[in-house]
1. For every helix of n ≥ 4 consecutive DSSP H residues, a contribution of -39,500 (n - 2.57) applies; sum these over the chain, divide by its total residues, and give [θ] at 222 nm rounded to the nearest 500 deg cm²/dmol.
2. Where does each of Ser196, Ser841, Ser726 land when they are ordered by accessible area, with a 1.4 Å probe and the largest first?
3. Lys443: which lysines have alpha carbons under 20 Å from its alpha carbon, excluding same-chain residues fewer than 8 sequence positions away?
4. Quick query: amide H of His660 versus all other amide H atoms, modeled in the peptide plane; which residues come in under 5 Å with a sequence gap of 5 or more or a different chain?
5. Can you compute the FRET efficiency between Ser392 and Arg459 using 1/(1 + (r/R0)^6), with r the Cβ-Cβ distance and R0 = 30 Å? Round to the nearest 0.05.
6. So how exposed is Lys141, as accessible area in Å² (1.4 Å probe, rounded to 10)?
7. Using all C-alpha to C-alpha distances in the chain, build P(r) with 10 Å bins and read off the rounded percent in each one.
8. Treating cross-link reach as a plain straight distance, find the lysines whose alpha-carbon is under 29 Å from the alpha-carbon of Lys201, omitting any fewer than eight places away in the same chain.
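The values are calculated or read from the model by the stated rules, or taken from the named source; none is laboratory data. Please read all numbers here as calculations on a predicted model, not as lab measurements. Cβ coordinates were reconstructed from backbone atoms using ideal geometry, including for glycine residues, and neighbour counts include every protein chain displayed. Side chains are part of the model used for accessible areas, which takes the heavy atoms of the whole protein and leaves out ligands, DNA and RNA. Shrake-Rupley method; radii C 1.70, N 1.55, O 1.52, S 1.80 Å.
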Amino acid sequence: MKAYYCVGTHWDREWYEPFQEYRMWLVELIDELMDLMERDPEYRCFHLDGQAVVIEDYLDIRPERKERFVKLLRDGRFVAGPWYDLPDEWLISGESYIRNLMKGMRTCRELGVEPMNYAYTPDQFGHIAALPMIMTGFGLKTGIVWRGTQDENYPAHFIWVGPDGSRMVTHKLLDRGSYGPFDFLARTPMKKEAFSDESFKKHFDPYFDAEKSRSGAPLVLMLDAIDHQRPDHEMPHLFNELKERYPSIEFTWGSLGDYGAELMKHAANLPERSGELREPARDMHRVGQYLIVHTISARYPIKRRNGQCQALLEKWAEPYALFQQLAGGAPIVRYLDKAWEYLLKNHPHDSICGCSIDQVHKDMHYRFDQCALIADGVIRRAIASVGKATDSLEHQRNLVLHNPLPFRRTGLVELDVPIPNDWPRAYIDGLCSAERIHKFALKRKNGAVVPFQIAGVSRAQDYRRLDADGRRRGYAPDVYHLTIDLDLPPAGYTGLHVEPTDDAVRNFGSLMTGRLSASNGAFTFHLNSDGTGRLEHPASGRAFDKLFIYEDSGDAGDGWTRGQLLNDIIFRSPGSRVTTAIDEDGPLRTVFRVEREFSLPRMQDRSTHWRSEDRTTLRVTDLIYVEKDSPCLRVRTSLTNTCMDHRFRVMFPTDIATEHSFAETPFAIVQRPIRIPADTGAWHERVNPETPFTTFCGVHDAAGGLALLAPFGPHEYEVTQTPDRSIALTLFRSTYRTVMTAGEPGGQLLEDMTFEYQLYPFAGAFDAVGAARLVAQAQTTVRSHFAAELPDDNSFVQLTEGRAIVSALKLAADGQGGVIRLWNPCAAEVHDTVSIARKLSAAFRCNLNEDTVEPAPLDANGAIPVRVPSHGLLTVRFLWQ
């Protein structure tokens, strides 16, 4: 029997104290450890929670101690990485995982330090199905889990199989004892009894026996790494005493990487598990092992900001920096690294989950701001360089429109078109008393007229035009807010000419088919006078009725968990007062406006936990878009929250007889049971019906189904167990409790909030790739600028088939060439061809860290044939001449 003692700390950078206070704790911890390690060589090593950011945090304050600290890191006395910081698993994109691990490993290696060779995820609130695929993609073959696994179903050692068949040898921590079981169950109680003979029998023996009994492998991990832990100076003495008292056990004080290497020797005999790890705590003895599921709906505004920043970087800034270099420009890549750094520092679970004190979440908004500002500056400079922008008003009739997405963008695009005050043609639509409208047409370079619909006009608005350097200059034209019907080339740009015309400009035509109904060819939407809706979908033969029922219930919880009230009042209605209207109508789209008022309890009585009899009005405005040829009903909801201590949801009955829902999670689409097993009703932690999704979820049967797409969150849905199988989307939770305080106001979200989502009815099998494209289009508005000459259509990257999802299109991290990453969410292997708008000199298949695995041959046309494995990832680096 071998036993590995692995000591360290779990380092929350911010939680019940803000970052700056915790950094002081960190400096004090590392100072103490350095002195201890240099004084006592038997205190062999200490791991820094699998993170590399702590190195930066320490050296920012203690640069004079860099040499001492780095030496101990290189010698393996301190163990850091592979993560940059430990992220939550449900609230970030798949690419955010990859950038986190890349930055963590790079941070270590730039100091000559090898990152820990172990997938350390000890305290995440459950685990995504694709984690083994991501970790093995970085060469990490062993790892650890805790929450989301129960001893009844998971032994201490098992093979966790990813969706692509990847295999990670995994250690499951004891249900009780957290990620410091040796501390809680042995070291600390033994220390309180002065390490007496009896203390070893009373505490160490049962602890060790329990660990041994959980696996057939003759190997035990004695993990000692609880939150913000400082070193126990007596541990070397205790370790030596253990070796003396238990000679039949081979004790090693080592790193988790050492332990993982030993565990790998037993991999052939371990059982397999697959899928998500989301089991709640069954009884009170494992209360610390709560799954903690409702963080996904806490502090919604930070979730929205995160989704927007991820999209800016992944779908705009990185692709266009690559296009700029392909076009002969020289983007400064360090800006992108810095933007990612700000964003990644918001991804630890106590940060992005919204379960910390108010100051932490105030600090997060600053980081989101910096990320977005940097990304926007990179994008502006890239499109100005690629599209040859000019700020000359002489050329304001020439517009260049950019599409960063690696597929042809079809359908409607929203575009702001500035019209100067001296425009040669205008008219008043209605003799002399109506609004003055400029006469203009939009034409492509080949003269083809582009249809458009006017959504509104802003008179003498400050409009920022780009100069050749991507800087902004203002002037005050009339700005027409248009919806245009235009195909944009993949990963590139096109040109539009704004021409004066003698023809009157108005929204002629309509999608409306009745008083409050509209059809776009794919579906018909009927808005009822009570604010509910009916969606008819001929291709599947289905009609979804009574859509837009809102639900409000009490919440006595916190950022971690929804607190269900024993005596709750649950309100369900389309509104206590509803006004319906047509906000916009024309040949390209119809927009319905629904203004709703809800009379709701102002707050919860803190002493009784009942919702107050005092009522306040919560006003909600839904804009519901029926758009030409779109498969989706688009919804934009805005509200000002005036109530406290509540959860607010919107519900969509499907009437689909199914026992499962589906949801996208990072790099995996998972099936989940809808019914909650009756035998779980008495468990200590309830099996909650609310579950997470990244950007889409839904239900279906053989005939088709209904999906909900949310480009920037929310991320929590439930499919109800009632026969109507309603999809309930949690918009937000409003709570006052914060950890280690008497309560704070920030979590109540008494503020303006906006939500964007789409209802996607479909026939037959669900098209995950098509849904991902719809999400990507919703995440990326088209950008434009003036140009001296109207360009031809141009694409920098194209895929022949487009049956895989492009998750990354970027410059290589080392500056050598470009990288494209493809995710295949489907069961069949995908074959495709990637064409680049430069003559390629070579291409290589890479791992997720962009290290070369093998050459990728080019075809006769200089393109890259690719095969993306079933449910898997493929990363390709390409070099050009």
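1. Values: 15 runs with 173 residues, N = 881.
Value at 222 nm, helices only, nearest 500: -6000 deg cm²/dmol.
2. Working: Ser196 40, Ser841 70, Ser726 5 Å².
The most accessible residue leads, giving Ser841, Ser196, Ser726.
3. Straight-line reach from Lys443, under 20 Å: Lys388, Lys628.
4. Amide H neighbours of His660, under 5 Å, 5+ apart: Ile674.
5. On the way: r = 23 Å, r/R0 = 0.77.
FRET efficiency, Ser392 to Arg459: 0.85.
6. Only protein atoms counted, so the area is about 120 Å².
7. Going from the shortest bin to the longest, the percentages are 2, 11, 20, 24, 21, 13, 6, 2, 1, 0, 0.
8. Hits, sequence-local ones excluded: Lys2, Lys172, Lys191, Lys192, Lys212, Lys243.
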